[in-house]
Every structure is written in structure tokens, then in C-alpha cells.
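The values are calculated or read from the model by the stated rules, or taken from the named source; none is laboratory data. The model shown is predicted, which means the values in this text are computed figures rather than measured ones. Cβ placement follows ideal geometry from the backbone for every residue including glycine, while neighbour counts extend to all protein chains displayed. Accessible surface is based on the protein model in full, side chains and every heavy atom, while ligands, DNA and RNA are left aside. Shrake-Rupley method; radii C 1.70, N 1.55, O 1.52, S 1.80 Å.
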Amino acid sequence: MKRIVVLISGRGSNMEAIALRCTEEGWPAQVVAVVSNRPGAAGLAFARARGIEAEVVDHTAFATREAFDTALADAVGRHRPDLVVLAGFMRVLGEAFVRRFEGRLLNIHPSLLPAFPGLHTHRRALEAGCQAAGATVHFVTAELDRGPIVMQAVVPVRPGDDEAALAARVLAAEHVIYPLAVRWFVEDRLVVEGPRVRHRDGASQLLM
Ligand code: GRF
């Protein structure tokens, strides 16, 4: 049984999708803890209601980024995770954290990486006149929003879209590809070859 720890900062809808799918589909895994850097994160209530340990490591309580990182890494490490899932976790993690969990640290980013790393991806995609947008699940490396790509979802940008409309369309796709990517990880179906990731049995890593 693989132990999954999910890090969130807010709503936690990706975490929810992963936890539900994990139980419903009987993955060889369990979400053992949800950790938030924000005490008010809505996702904590979902976790508690489902009997998942929910913990807060409040970044505002630490004087430096390094001190927060160390406390967070220790909190996560105590749960002995096989996989750490960043799901709407809005703090940049330091190199020490990333190195400690490297190879078992996944993130979802709401753009078609390497386009639009960082914040406000939907606004930037609209401003750039993109015809397509999407989301990317990737292994986390020390470089922000980079790292081997596990899966991408492409959604159309429609005439009249505003940020909220595009974000909602992308989020619905996130809820499909993130659980799938996590499932593949816990089932040992992902093969990382340098900067690339492939599915052992050749399943499509693109959702359109
Ligand atoms: C998602 O769009 C995710 O890609 C981004 O932040 C959002 C988090 O949503 N990093 P939720 O907390 O999973 O509902």
C-alpha cells in the first residue's frame, strides 16, 4: 500500500478528486495525510470529514523560507510518504525540500508547460491570444514549474472566455488527469527517462 501525502493551500478540489478516485477505484494506495500552509484552507474540512489526517504548517509562523521548508519537510516526512502530491499548493518549495522528496513529488500546473510557468496562467493565455489552454502534471524539480511531464490536458479557449470561464474548463480537465497520473505512479507504471516520462504500457499521456 503506497502512502500519499497531499499538500494544499486552499479549495483542495484536486486533492478531493484524488482521494475519492483512490478509494472508489481501489488503488494500491491511501491518502494518509493532507497538509496545508494555510489554516483556513477549505480542503482541510473535506480531509477531516473522510478521516484523513489534516495538518497545518502555517508559513506565516516562520521567520525564513528555509525554516518553513524544514518544518514542512519534517511534517510530511513523519507520514513516511511514497508520494507527495502538490495540489494547489501555493508556496515555492526550496531545494532541500525538493531534493528530499525528489522522484516522488508531483505537481499540477494550470497551463501547457513550458508555456506560462508561475502565476495568472489563464489571464496570460487569454492575453496571448492562445486558442488552446490546459494543465500539466509533472515531477517537481528545483526549477519552478519544470520537471519531467507526466501528462497534459488540452482544452479549447472559446470566444468570450474570461479568466474564470477558462479556469473552470481547465480545472475540470485537471480533475481527470491528476488522479490518473497519481494512479499510474502508485501502480508503478511511470518510467522516467531523463527529462521525459513514459507510461510503461504506452497509455496516452495526453487528454484532448
Ligand atoms: C488548480 O488550478 C491548480 O492547477 C493550481 O491551483 C488550482 C488549485 O485548485 N495550481 P484546487 O485547490 O485543487 O481546487
Checklist line | Output for region 97-123, where each listed residue is open to solvent by 20 Å² or more (accessible area, probe 1.4 Å) and in a helix (DSSP H, G or I) | finding: Arg99, Arg100, His122, Arg123
Margin query: Going residue by residue through region 1-22, is there one that turns out to be touching a Leu at 6+ places or on another chain (Cβ under 7 Å), more than 17 Å from Thr141 (Cα to Cα) and not in a helix (DSSP H, G or I)?
Written below: yes
Note to self: Could you go through region 3-22 and let me know if any residue there is open to solvent by 70 Å² or more (accessible area, probe 1.4 Å) and within 15 Å of the ligand (Cβ to nearest atom).
What the structure shows: yes
Item checked: Selection within region 151-176 - under 15 Å from Asn14 (Cα atoms), open to solvent by less than 50 Å² (accessible area, probe 1.4 Å) and either in contact (Cβ under 8 Å) with a residue 60 or more places away in the chain or more than 16 Å from the chain's Cα centre (by Cα) (or both) -> Val170, Leu171, Glu174, His175
Notebook entry, point to check: Gly94 is checked against (1) open to solvent by 70 Å² or more (accessible area, probe 1.4 Å); (2) at pLDDT below 95 and fails just one. What number does that condition carry?
Noted result: (1)
Notebook entry, point to check: Of all residues in region 187-208, which are in contact (Cβ under 8 Å) with a residue 60 or more places away in the chain and more than 15 Å from His138 (Cα to Cα)?
Noted result: Glu187
